[in-house]
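The values are calculated or read from the model by the stated rules, or taken from the named source; none is laboratory data. Fair warning: this is a prediction, and the values are worked out from it, not measured in the lab. FYI the Cβ positions are ideal-geometry reconstructions off the backbone, even for glycines, and counts take in every protein chain you see. Accessible surface areas use protein heavy atoms only, side chains included; no ligands, DNA or RNA. Shrake-Rupley method; radii C 1.70, N 1.55, O 1.52, S 1.80 Å.
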Amino acid sequence: MKILLYNPDNGVTRNFMPHLWMFLLQALTPEGHEVLLVDGNARAMTRAELVKFCQDENIGLVGIGSMTRMIARAYQFADALRDAGIKVVMGGPHVTECFDEALGRDGGPRHADAVALGEADATWPQIVIDAANNELKEIYQPEIDEKGSDIKPSLQPYPHIPWESIDLEQFSLIPKFLRPLMSRLGKGWGKFFVVPIETGRGCPYGCEFCTVTGFFGDSIRFRTNESVVDELLRLKERGKRERGQFAVFFIDDNLAINKKRLKSLLRDIIAAGAELPWVAQISANLLADEELVDLIAESGGRWIFIGMESIDPANMADVNKSFSKPANYRAVLDGLARRNIYAITSFIFGMDNDTVGVADRTVDEIESWQPGLPVFGQLTPFPSTPLYKRLEAAGRLERPRHWLDFAQFVMAHAPQKMSIEEARTETIHAWSRSYSPERNHAALVSIADAPVDTRISHLFARLFFRGIYFPQIGSWAWIKLLFANRRSLLLLSREGIRILLARRRRPAPEPIAPEIDQIEYLEG
Ligand code: B12
Ligand code: SF4
């Protein structure tokens, strides 16, 4: 049987990285079946195009995964496929919590032939076998232990994801029209991929708005260091072979949740020469450890995603995240910046103590720190989270099934001290102010002493990152963006040329200064 694993886009923005679940389930598929992958974020298709693709490819089963945010689109694609007689199984965090909705048992239309609840590592092979035998059941669920909880995959052993050979073309981050130009920069800059790798699952912190503790559990499971190192080595080898650039996103919810284990993993990565540039999520409270931050830098850590949420401790207490202290954020960012590591700082507006002006207050504070990539979301009650239950019990949910009419930056409940419209305006203002060409330029200037490759990566990360949340699809959007940021681009280009000329004038080949060494990829 031919299987398609499909991840819908949200129709507005695009992720910068493919979803791990597809590669994982592909690796767990029993022999004798062929699995194709399409990520709508990278390869946008209309419903009709997806149906035609499946018919042309003779696909017997489509697996669709989706976060809550894209579920309405996921259902539309599933409906179109089922109308064409193609079987659909859905999985992921949303349908796990709302399986009645996906199966049409809540009085609404049915969207899926089957659903996979929770982690599907153990159930996927059976789903494939049943589908091939035309015996698909409605619900697949992990086995239950004596306490009635799902038996979670141990991650030891971990499936072999063949990063060394998977076709990643659709996931290249360099927009097509820029590839010829970027290739000229040398060392494979015509291709740039961010690859998702997990080293563990689970988080014990239980922040009120988060689905992770409920979905993956509060006890953490880790892969062995060897299996992670092996995956990195295979990627690194591919990068060399294909002259492409690979970076890794360690998608663990909190990579440093067990600091001792992380230090041992990072030491093993360094010892094996498996360093690649990497990004990971780590909470601020775990980043005060100098030894850990040194190891992060040495092993290739470039960007750390920190869920800062709010600069107001009262808000942090409201959402059960008091372990993360806004008063410490500056020192944490300074510690990272001393090693040329910068942070993706994530904030949530629309908390109950927020008032009008929260965007400017927050951005003023952010701009007084080391520059990073701030992202701004809104407090969203995802199904089955403690937040959802609290707001529901208090009768505060204005759109209890907000996901069925997804509207960007429109909250499902009114915060106590602001209206929904005010929260929307605040959020958009924070984004616009933080990624204006002027702010991009000021951020670059503020790290003028950092190596030029750090600054190039900073600027490009700023240009890419806003595209996760704001429309930035297609050549025209990119051309406009590059033109608007020409001052920053010129600044870096001038510097690159100056360094290159200086280097050519020098007779000796040995490294002259750190930044000259690091810019070598510009030479091709
Ligand atoms: C990496 C990540 C991202 C990446 C992008 C996703 C990507 N390309 O991987 C980035 C950083 C961009 C991101 C952004 C956002 N994210 Co995010 N993200 C994650 C994270 C940390 C890891 C995802 C992952 O790969 N997990 C590991 C894999 C193995 O788990 P999995 O995807 O759940 O898959 C397993 C099962 O669910 C199941 N399964 C999944 N799909 C399917 C499909 C089929 C057919 C089957 C059979 C089984 C199946 O099988 C898999 C193996 O067991 C998760 C948290 C987490 N730990 O999962 C949050 C998470 C998915 N994100 C979340 C959210 C809310 C967001 C944002 C909306 C944040 C915001 N406020 O703006 C944005 C959305 C942006 C956008 N435009 O899409 C929520 C989603 C909650 C929900 N109910 O939808 C999560 C769960 C985190 C949380 N705090 O609750 N995210
Ligand atoms: S927000 Fe982060 S730290 Fe809090 S429960 Fe979710 S994964 Fe854990």
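In a fully extended conformation the segment linking Thr355 and Lys417 would gain 21.8 nm over its present Cα-Cα distance, using 0.36 nm per residue. The modelled label-to-label distance for the pair Thr46/Ile144, using points 7 Å beyond Cα in the direction of Cβ, is 4.6 nm.
A straight chain from Thr224 to Asp289 at 0.36 nm per residue would run longer than the Cα-Cα distance by 21.1 nm.
What residue among Thr199, Ala271, Gly467 has its Cα farthest toward the positive end of the dipole of the chain, where the charges are +1 on Lys, Arg and -1 on Asp, Glu, each on the Cβ? Farthest towards the positive pole: Gly467.
Taking R0 as 30 Å, what's the FRET efficiency between Ile479 and Glu367 from their Cβ-Cβ distance, rounded to 0.05?
Numbers: r = 28 Å, r/R0 = 0.93.
So, using R0 = 30 Å, E works out to roughly 0.60.
Of the Cα atoms belonging to the chain, the radius of gyration and Dmax stand at 23.3, 77 Å.
Could you sort out which of Lys263/Lys417; Lys259/Lys480; Lys52/Lys389; Lys147/Lys260; Lys263/Lys321 sit more than 32 Å apart by Cα distance in this structure? Spell out each step's value before the answer.
Values: Lys263/Lys417 43 Å; Lys259/Lys480 43 Å; Lys52/Lys389 41 Å; Lys147/Lys260 30 Å; Lys263/Lys321 24 Å.
Beyond 32 Å: Lys263/Lys417; Lys259/Lys480; Lys52/Lys389.
Taking region 360-401 and a reference point 7 angstrom along Cα→Cβ of Glu438, the backbone N atoms nearer than 19 Å belong to 360-369, 371-372, 374. For Met308, the residues whose modelled amide H falls within less than 5 Å of its own, excluding neighbours fewer than 5 places apart on the same chain, are Ser346.
In this calculation the C-beta distance from Ala84 to Lys240 is compared with R0 = 45 Å, giving a FRET efficiency of 0.55.
For region 332-489, what does the equivalent ellipsoid look like in terms of its semi-axes, each the square root of 5 times an eigenvalue of the Cα gyration tensor, given largest first in whole Å?
Working: eigenvalues 211, 65, 37 Å².
Working from the Cα gyration tensor, I get semi-axes of 33, 18, 14 Å.
Please report, ordered by residue number, every helix of the chain (full DSSP H runs) that is 20 Å or longer along its axis going by C-alpha atoms and whose mean Kyte-Doolittle hydropathy reaches -1.0.
Values: long enough: 225-242 (26 Å, -1.32); 420-434 (21 Å, -0.93); 486-505 (28 Å, -0.17).
Taking the DSSP H segments of the chain (at least 20 Å long, mean hydropathy at least -1.0), we get 420-434, 486-505.
Computed on the Cα atoms alone, the convex hull of region 290-347 gives a volume of 75 cubic angstrom per residue.
Under 19 Å from the 7 Å Cα→Cβ point of Ala327, by amide nitrogen: which residues of region 333-360? Of the residues in region 333-360, 333-335 have backbone N under 19 Å from the label point off Ala327. Note that region 85-92 has calculated 3J(HN,Hα) couplings of x, 9, 6, 10, 10, 10, x, x Hz, one per residue in order, obtained from phi through the Karplus relation 6.51 cos²θ - 1.76 cosθ + 1.60 (θ = phi - 60°); glycine and proline are x. Shown in residue order for region 134-151 are the 3J(HN,Hα) couplings computed by the Karplus curve 6.51 cos²θ - 1.76 cosθ + 1.60 at θ = phi - 60°: 6, 10, 4, 8, 7, 10, 10, 9, x, 4, 10, 7, 5, 8, x, 9, 4, 7 Hz (x for Gly and Pro).
In Å², and per residue, what accessible area does the chain have when probed at 1.4 Å with the other protein chains present? Could the numbers behind the result be given before it?
Values: 22520 Å² over 524 residues.
Averaged over the residues of the chain, the accessible area is 43 Å².
Let me know the whole percent of all Cα-Cα pairs from region 40-82 that are separated by more than 15 Å. Tail fraction, whole percent: 41.
Let me check I've understood the local charge: for Pro437, count other residues with C-beta under 9 angstrom from its C-beta, Lys and Arg +1, Asp and Glu -1. What total comes out? After counting each charged neighbour, the total is +2.
Assuming R0 = 45 Å, what is the FRET efficiency of Glu135 and Ala317, from their Cβ-Cβ distance, to the nearest 0.05?
0.30
Take every Cα pair under 8 Å in region 40-178 that's 6+ residues apart, average their separations, divide by the length, and report that relative contact order as a whole percent. Could the numbers behind the result be given before it?
Numbers: 164 pairs, mean separation 23.8, N = 139.
With pairs under 8 Å counted, the relative contact order is 17 percent.
Of the residues Ser368, Met17, Leu489, the one whose Cα sits farthest towards the positive end of the charge dipole of the chain is Leu489 (charges of +1 on Lys and Arg Cβ, -1 on Asp and Glu Cβ, taken about the Cα centre).
When only C-alpha pairs under 8 Å and at least 6 residues apart count, what is the relative contact order of the chain, in percent? Numbers along the way, then the final one.
Working: 887 pairs, mean separation 62.2, N = 524.
Reported relative contact order: 12 percent.
From helices alone, the chain scores -11500 deg cm²/dmol at 222 nm; the rule is -39500 (n - 2.57) for each run of n ≥ 4 DSSP H residues, then divide by the residue total.
Rounded to the nearest 20, the Cβ-based charge dipole of the chain about its Cα centre (Lys and Arg +1, Asp and Glu -1) stands at 1940 debye. Highest mean first, the peptides 348-354, 22-28, 335-341 sorted by other C-beta atoms within 10 Å per residue fall in the order 348-354, 22-28, 335-341.
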